[in-house]
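Okay, structure first, notes after.
The values are calculated or read from the model by the stated rules, or taken from the named source; none is laboratory data. All values derive from a computational prediction rather than experimental measurement. Don't worry about glycine lacking a Cβ; one is built from the backbone with ideal geometry, like all the others, and counts go over all protein chains shown.
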Amino acid sequence: MYLSKRVTFDTIPFSPCRFVNDVPPVSTAKANAPRLQREVGLVGAIFLGLGSIIGTGIFVSVGIAAGAAGPAVLLAIPLAALLATCNGLSSAQLAAAHPVSGGTYEYGYRWLHPCLGFLAGWMFVAAKSASAATAALGFSGYLLHLLQIDAPAWRLPISLLIVLLVTAAVLTGMRRSNLANAILVTTTLLALLLLIVIALPTALASSARFVPMFSPVTADRSSTFGLIQAVALMFVAYTGYGRIATLGEEVENPRRTIPLAIIVTLFIAMAFYWLIGLVAVGVLGADQLASATLSQGAPLEVVAGQVGGAPLAIVLALGATTAMAGVLLNLVLGLSRVVLAMGRRRDLPAIFGQLNAAQTTPTAAVQLVAAIVMGLVLIGDVKTTWSFSAFTVLIYYALTNLAALRLTRKQRLYPAVFAWIGLAICLLLPFWVDAAVWQWGLLLIAAGLIWHFLAQQITSRRRRS
C-alpha cells in the first residue's frame with residue numbers, strides 16, 4: 001500500500017506484512033498519552049548500559065562460550081563486540097531520531113511495518129526475559145557461594161525472591177532505580193578490577209592453557225562451528241546497550257546522549273570482557289571454566305579462589321551478586337518500557353500501556369515482566385535460557401538494522417554500511433545455537449505473528465462496531 005501522506009493506522013484496515021514505501025507509519029497511541037519524565041543524563045545512561053552488560057555475560061556467558069570455542073573465546077569476545085558496535089550504531093541513530101520508550105518495537109512501526117514492529121517487541125520480550133532469568137539464576141549461584149551454603153535446592157527459591165525484590169525497586173521509579181544501579185555497577189567494576197590485577201600474572205604465565213587455541217574437532221562439531229557459536233553467545237552479553245535506547249523517552253538530550261552513551265558503554269564493556277576472559281582461561285583452562293559454569297554457576301569465583309584464596313573469592317562473589325542484581329534491574333526496566341509501548345498500541349491489553357498516578361512507572365507492565373521472568377526461572381538451566389536469548393535477540397537486532405536502513409540521509413548519523421553488516425550477521429548467527437533452541441524460536445515467531453493477526457482483527461471489529 002502506497003501512502004502519499006501521513007495517516008494513522010486507525011484509518012486503514014490490517015493487512016499482511018507490507019512495507020510502506022513513502023512516509024513511515026505513526027503510532028496508534030493517543031498523541032496526548034502520558035509520557036515518562038526525562039531524568040537520565042549521560043553518566044546515568046552509561047551506567048544503565050554497563051549495568052546491563054557487565055553482569056550475566058561476564059560472570060556466566062564467558063564460561064559457556066569457552067565450552068563452545070575453547071581458548072578461541074578470546075577471539076569471539078572482540079568479534080562479538082564488533083557486531084554489537086554495528087548494531088549499536090543502528091540503535092543509536094534510530095533512538096536519536098525517535099526518542100521514545102520501546103526501542104526497535106517503535107522503530108519497526110515507524111520505519112517498517114506493524115507486523116515487523118510487533119515482531120521486534122515480541123522478540124525483545126522473549127530474549128530479555130530469558131536473559132533476566134539467567135541473571136536471577138546466576139545471582140542465586142554466586143550468593144550461595146558467597147554464604148558458603150552447599151544447597152543447590154535453594155537456587156530456584158532465591159532466584160524467584162531476587163526477581164520480586166528487583167521488581168519492587170523498579171516500581172519506585174526511574175530516579176531511585178538509577179541510583180541503585182549506579183551503586184551496584186560501581187561495586188561490580190571494583191571487584192572485577194581487583195580480580196584482573198591479581199590474576200593477570202598467573203594467566204600470562206600459563207601459556208599452555210591457550211594451546212591449542214581452537215577446540216578439538218569432533219564428529220558433530222568443527223572448530224569453526226564452535227567459534228561462531230561462541231560469537232553468537234557473546235553477542236547477547238553486549239546487547240545490554242539496547243537498554244539505553246529502550247529508555248529513550250526518559251533520556252535528557254537524546255540525540256546527543258544516546259549515541260555517545262552506547263559507544264562509550266560498548267568500549268568499556270569489551271575491555272572488561274576480554275581481560276576477564278584472558279584471566280579466566282589462563283587460570284582454569286577453557287574446559288574447567290566451562291564445567292564450573294554449568295555445574296556451579298559461579299566460574300569466576302573459582303578463578304578468584306585459585307589465585308587469591310578465600311578473601312578474593314568472597315570479594316568476587318559479592319561483585320557477582322551485585323552485577324546479577326544490576327542486570328536484572330536493568331532488564332526489568334527495559335522490558336517494562338517495551339511492554340508499555342506495546343500496551344499503548346494495543347498489541348498487548350491496554351492496561352499495560354498505563355502509567356501510575358505520578359507518571360513515573362508503568363506498574364502493570366513491570367508486574368507482567370516479573371511474572372514472565374519468574375516463569376522462565378523455573379527452567380533452572382542457564383545454558384538453555386542464555387542460548388534462547390541469543391536466538392531471539394539476534395532476530396530483534398536484525399530488525400533494528402533493517403529499520404536503520406530506512407532512515408533518510410538527514411536522519412542518518414553513521415554510514416549505512418554498518419547497518420548492512422549488522423543485518424547480514426544477525427541473520428546468520430541465530431542458527432548457530434543449538435538446533436532445539438532455534439526451532440523453538442521459530443515456533444515463537446509464528447505464535448507471535450498469529451497473536452498479532454488475531455489482535456488486529458479484534459481491534460478492527462471493535463472500531464467498526
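Have a look at ALA245, ALA237, ALA261 and point out the one that is within 17 Å of LEU89 (Cα to Cα), among the aliphatic types (A, V, I, L, M) and modelled with pLDDT under 75. Of ALA245, ALA237, ALA261, the one residue that is within 17 Å of LEU89 (Cα to Cα), among the aliphatic types (A, V, I, L, M) and modelled with pLDDT under 75 is ALA245. For the range 59-79, the tally of residues that are over 16 Å from ALA286 (Cβ atoms) and modelled with pLDDT under 90 stands at 1.
Summed over the range 428-443, the residues that are farther than 11 Å from ALA390 by Cβ and of a type outside the set (A, V, I, L, M, F, W, C) give a count of 1. One residue stands out among those in the range 260-307 that are surrounded by 20 or more Cβ atoms within 10 Å (Cβ to Cβ) and hydroxyl-bearing (Ser, Thr, Tyr): the one that is nearest to the chain's Cα centre (by Cα), which is THR265.
With respect to the conditions (1) in contact with a strand residue (DSSP E or B) (Cβ under 9 Å, 6 or more places away or on another chain); (2) at pLDDT 85 or above; (3) hydroxyl-bearing (Ser, Thr, Tyr), THR167 falls short on a single one, namely (1).
For (1) surrounded by fewer than 16 Cβ atoms within 10 Å (Cβ to Cβ); (2) among the polar types (S, T, N, Q); (3) in contact (Cβ under 8 Å) with a residue 60 or more places away in the chain, each residue gets a yes or a no:
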position	(1), (2), (3)
SER387	no, yes, yes
ALA390	no, no, yes
ARG406	no, no, yes
ALA419	no, no, yes
ILE425	no, no, yes
LEU428	yes, no, no
PHE431	no, no, no
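Considering only residues in the range 171-199 that are closer than 14 Å to GLN367 by Cα and at pLDDT below 85, the one that is surrounded by the fewest Cβ atoms within 10 Å (Cβ to Cβ) turns out to be THR172. The lone criterion from (1) surrounded by fewer than 23 Cβ atoms within 10 Å (Cβ to Cβ); (2) under 19 Å from the mean Cα position of the chain (by Cα) left unmet by LEU413 is number (2). State whether one or more residues within the range 99-113 are closer than 26 Å to PRO259 by Cα, in contact with a Cys (Cβ under 7 Å, 6 or more places away or on another chain) and modelled with pLDDT of 80 or more. Yes.
Counting only residues that are among the hydrophobic types (A, V, I, L, M, F, W, C), buried (at least 17 other Cβ atoms within 10 Å of the Cβ) and modelled with pLDDT of 85 or more, the range 145-155 holds 0 of them. When VAL393, VAL339, VAL332 are checked against the criterion of being of a type in the set (A, V, I, L, M) and touching a Leu at 6+ places or on another chain (Cβ under 9 Å), VAL339 stands alone in meeting it.
Residue-by-condition table, conditions (1) touching a residue at least 40 places away in the same chain (Cβ under 8 Å); (2) within 21 Å of ALA180 (Cβ to Cβ):
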| residue | (1), (2) |
| --- | --- |
| LEU289 | yes, no |
| GLY309 | no, no |
| THR322 | yes, yes |
| LEU328 | yes, yes |
| ALA370 | yes, yes |
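For ARG176, the conditions (1) in contact (Cβ under 8 Å) with a residue 40 or more places away in the chain; (2) closer than 19 Å to SER52 by Cα all hold with the exception of (1). Surrounded by 24 or more Cβ atoms within 10 Å (Cβ to Cβ), among the β-branched types (Val, Ile, Thr) and more than 25 Å from ASN178 (Cα to Cα): is that true of VAL62 in this structure? Criteria met by VAL62. The listed residues are PHE59, PHE47, PHE118, PHE124, and the only one of them that is of a type in the set (Phe, Trp, Tyr), farther than 20 Å from PHE235 by Cα and touching a residue at least 40 places away in the same chain (Cβ under 8 Å) turns out to be PHE118. Picking from residues in the range 37-58 that are modelled with pLDDT of 75 or more and more than 14 Å from the chain's Cα centre (by Cα), the one that is nearest to ASN356 (Cα to Cα) is VAL40. Could you list, in sequence order, the residues of the range 361-385 that are in a loop (DSSP other than H, G, I, E, B) and buried (at least 24 other Cβ atoms within 10 Å of the Cβ)? Matches in the range 361-385: PRO362 only. Under the condition of being within 11 Å of SER129 (Cβ to Cβ) and either modelled with pLDDT under 90 or basic (Lys, Arg) (or both), the residues counted in the range 348-376 number 1.
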